[in-house]
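Okay, structure first, notes after.
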Amino acid sequence: DDCKPTTINFNTILDAWAKSGGGRQAAERAEEILEWMDRLHKSGNPDCQPDTISFNAVIDAWARSGDRMAPHRAEQILDHMDELYRAGDKGKKPDV
């Protein structure tokens, strides 16, 4: 059997980036990984769908980044998450 990444694996990595102290670069990398998860899921991997924890980790990465644009970017991500939830994706219910 192939060893495939799962949402849990990705969420662990997102959390590590959020807590890395890497500032804006870490937050941007966390966003890239979230987008990678979404692409993998859309291409047929059901085991790595971004969920509430994924989005929260990326929001946390921005919150910890110290970047001047962090509050704005975190709010944009939360808004996107809410849009997905309202469109029927119950796995992305905002809770932050």
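The values are calculated or read from the model by the stated rules, or taken from the named source; none is laboratory data. Values in this document were obtained by computation on a predicted structure and should not be read as measured data. So basically every Cβ, Gly included, is an ideal-geometry build from the backbone, and we count neighbours across all protein chains shown. The accessibility values were calculated without ligands, DNA or RNA, using every heavy atom of the protein model including side chains. Shrake-Rupley method; radii C 1.70, N 1.55, O 1.52, S 1.80 Å.
For segment 15-36, a residue qualifies if it is among the aromatic types (Phe, Trp, Tyr) and buried (at least 18 other Cβ atoms within 10 Å of the Cβ), and exactly one does: 17.
Contact map, segment 71-96: first residue among the aliphatic types (A, V, I, L, M) and modelled with pLDDT of 95 or more, second residue open to solvent by less than 60 Å² (accessible area, probe 1.4 Å) and assigned to a loop (DSSP other than H, G, I, E, B), Cβ cut-off under 7 Å, separation 6 or more or different chains; pairs are 78/94; 81/94. Of the residues 12, 6, the single one that is among the β-branched types (Val, Ile, Thr) and open to solvent by less than 80 Å² (accessible area, probe 1.4 Å) is 6. Criterion first (within 16 Å of residue 89 (Cα to Cα), at pLDDT below 95 and of a type outside the set (A, V, I, L, M, F, W, C)) does residue 50 satisfy it? Considered against the rule, which asks whether it is within 16 Å of residue 89 (Cα to Cα), at pLDDT below 95 and of a type outside the set (A, V, I, L, M, F, W, C), residue 50 comes out as no.
Within 21 Å of residue 4 (Cα to Cα) and not polar (S, T, N, Q): does that describe residue 67? So residue 67 does not fit the description; no.
Among the residues making up segment 37-62, a single one is free of Cβ contacts under 8 Å to residues at least 12 places away in the same chain, of a type outside the set (D, E, K, R), open to solvent by 70 Å² or more (accessible area, probe 1.4 Å) and part of a helix (DSSP H, G or I): 46.
The one condition from (1) in contact with a helix residue (DSSP H, G or I) (Cβ under 6 Å, 6 or more places away or on another chain); (2) among the basic types (Lys, Arg); (3) open to solvent by 60 Å² or more (accessible area, probe 1.4 Å) that residue 92 does not meet is (3).
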